[in-house]
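To start, the structure itself, in structure tokens.
No value in this document is a laboratory result; all are computed from the given coordinates. Being a predicted model, the structure only gives us computed values, none of them experimental. Cβ placement follows ideal geometry from the backbone for every residue including glycine, while neighbour counts extend to all protein chains displayed.
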Amino acid sequence: MTALSQSPVPASVPVPDAFEARTNATFEALMWALSRPGTVQTLPASGMAGLAEALVDRECKVFCDDPDLSHFVAFTGAALVPAAAADHAFLGLDRAEGLKNLEQIPVGSALYPDDGATVVAFARFGEGQKLRLTGPGIETSSEITLGGLVPGLWALRAARSRYPAGFDMFFICGTSVIGLPRSTLIEVL
Amino acid sequence: MSIANLTKAWQPMSYGFLDASAKRELRRKMLKAIAVPGCQMPYASREVPMARGWGTGGLQVTLTLLKPSSVVKVIDQGADDSVNAASIRSFLSKVSGAAETWDTLAASLIQSRHRIPEERLHAGQILVLQVPNPEPLRPVEPNMSIARQMHADADYGRLWLILYERIVRSGRIMEGAAYPSLVNGRHVMTPSPIPRWDVPKLHMAQHLTFLSAGREKRLYAVPPFTKVEPLVFSDVPFKVEDHGALTCHRSGVSGFYMNEIPQDNGGSAFEVSDSHLGIKAIRQAEGEADRIGATWYQNGQLA
């Protein structure tokens, strides 16, 4: 019986494949972005597709107003639905049409706050509207500027947020991401 | 579309044990948990090679976060070397290639059962607490649908009633662990069965905390810089355990949370509960270069 006395073969160290490494890093960026609202975190790749592959699968209902991204989202197995039924929404908030969609995005309820959707949009960081943020994740207050967004966005967000109901937002600029959870109070300066 | 791009190459095991769809679901729920601090988010708790009730909730959150550069520390009641902590830690490193540590300062990811380390956690660190019972309202409302409605209405009066009854009966707060705490001024959570000593460490902390109950299939979070206020009466202040004056009989450190060890003569000896803090103190006394980081408590007082 040699098998018992021999030292075991050294176990191979598991290595994440490219998909796992990418989605893990994307989630980590999103997690810290939402934990520290207003801070800029770095995604492993630019664009919204990375967020979709890290978060969305056939258990999700997704609204997407960009046909190219729709194709990618459909490939994850998620159902493509109208904005009013979505749990994840990839929106173009640089035009009035985006605001119309945001008006219909589910915000959940006090009973089921997790029904509030996750909204992803492009923005330009460091220009445009100045915002003061307070709330969980921010020690006192912080200021950011977000540009390339349709006017009326922040008024709509305030009108639709009835904490703990509300939607959570991620803004993407290249490979940078800023998270604004529903718990953040936004003051338009 | 072809078979080749619909399937993946064969692997003996998913990286980090959990499959990709389990991780995506946990990620979605972890984001919602951060967005509504202290609010319990349901998730489909997966099977892991460990019995429910032994930290499966914490394990799933940790497995979702793990990457090869992670450094994991696992604590069981303050100790790194108990069977439960050691096996979870070795499982985590086996399925992910992550490094193991006992040192709070070196860890990037800390999974813990019932203690928060005495050394301050810093901004990049994630604390994952294992939760047996996530529902603070269970002692007053066993029906979870009604409890959910009470959370929705922020109807927490009956929790104060429990505290009141304990104070009337015993003259002091009797909750030894899992002291109900108001998070972000809105949701009451149970901070898992950590002693009262550890509750103030969650208030306006630098680190991110996840609390996950595998058997109960719920997880919730306390983001950095979030208010965590223990429920109190204005005339009966919150008090942590009276351990400030105790000294550890092995390492000589004092002013930290201690385990009481009954002695044959009827008395008791005390041993610091955060075992690696004690180890560091002993090694320092022996002239080694161990560094004890800044601690939440100094001389038994919250700094």
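Each 5 Å bin, from zero up to the one with the longest distance, holds this percent of the alpha carbon pairs of segment B:258-302: 5, 18, 19, 22, 17, 12, 5, 1. Debye-formula intensities of chain B, expressed as log10 I(q)/I(0) at q = 0.08 Å⁻¹, are -0.37 (one equal scatterer per alpha-carbon, no solvent).
Peptide A:162-168 has a mean shielding of 4, counted as Cβ atoms of other protein chains within 10 Å of each residue's Cβ. When only the Cβ of Lys, Arg, Asp and Glu is charged (+1, +1, -1, -1), the dipole of segment B:258-302 relative to its Cα centre reaches about 200 debye. If you line up the long axis of helix A:18-35 against the longest principal axis of chain A, both from Cα atoms, how many degrees apart are they, to the nearest 10? Approximately 40 degrees, to the nearest 10. When you work out D = kT/(6 pi eta Rh) for segment B:148-201 at 25 °C and 0.890 mPa s, using the Kirkwood radius from C-alpha pairs as Rh and the Stokes-Einstein form, the result is 204 µm²/s. The angle between the Cα long axis of helix A:67-76 and the longest principal axis of the Cα atoms of chain A comes to about 40 degrees, rounded to the nearest 10.
Regarding the protein assembly as shown, what's the average projected area of the Cα-atom convex hull, expressed in nm²?
Details: hull surface 114.0 nm².
That works out to 28.5 nm², a quarter of the Cα hull's surface.
Write down the percent of antiparallel bridges among all DSSP beta bridges whose residues are both part of chain A, to the nearest 5. So the antiparallel bridges in chain A amount to around 60 percent. Debye-formula intensities of segment B:17-176, expressed as log10 I(q)/I(0) at q = 0.09, 0.10, 0.12, 0.19 Å⁻¹, are -0.37, -0.45, -0.64, -1.23 (one equal scatterer per alpha-carbon, no solvent). Mean sequence separation of contacting Cα pairs (under 8 Å, at least six apart), scaled by the length of chain B, corresponds to a relative contact order of 19 percent. Per residue, the protein assembly as shown reaches -8000 deg cm²/dmol at 222 nm when only DSSP H runs of four or more residues are counted, each adding -39500 (n - 2.57). Give the Debye-formula value of log10 I(q)/I(0) at each listed q (0.13, 0.14, 0.19 Å⁻¹), with one equal scatterer per alpha carbon of segment A:16-188, two decimals each. Cα-only, vacuum Debye calculation for segment A:16-188: -0.59, -0.69, -1.36. When peptides B:116-127, B:150-161, B:284-295 are ranked by their average number of other Cβ atoms within 10 Å per residue, the highest-first order is B:116-127, B:150-161, B:284-295.
With a 10 Å cut-off around each Cβ of A:131-144, the average count of Cβ atoms from other chains is 3. With Cα atoms defining each centre, segment B:161-196 and segment B:67-124 are spaced 27 Å apart in the structure. Within the protein assembly as shown, DSSP assigns beta bridges of which about 60% are antiparallel (rounded to the nearest 5). Under the shape rule built on the C-alpha gyration tensor, where the axes satisfy a ≥ b ≥ c, segment B:1-83 is oblate, since a/c reaches at least 1.5 while a/b does not exceed b/c. Between B:Glu286 and B:Asn265, the simple spin-label model (points 7 angstrom out along Cα→Cβ) gives 2.8 nm. Antiparallel DSSP bridges in segment B:163-295: what percent, to the nearest 5? Bridges in segment B:163-295 that DSSP calls antiparallel: roughly 100 percent. Centre-to-centre separation between the Cα atoms of segment B:206-264 and those of segment A:110-171: 33 Å.
For segment B:105-152, the Kirkwood radius over C-alpha pairs fed into Stokes-Einstein at 37 °C and 0.692 mPa s yields D = 249 µm² per second. Within the shell of other residues whose beta carbon sits under 12 angstrom from the beta carbon of B:Asp19, the net charge comes to 0, with Lys and Arg scored +1 and Asp and Glu -1. Peptide A:30-39 has a mean of 6 when you count, residue by residue, the C-beta atoms of other protein chains within 10 Å of its C-beta. Highest mean packing comes first when the peptides B:168-176, B:137-145, B:259-267 are listed by Cβ atoms within 10 Å, giving B:137-145, B:168-176, B:259-267.
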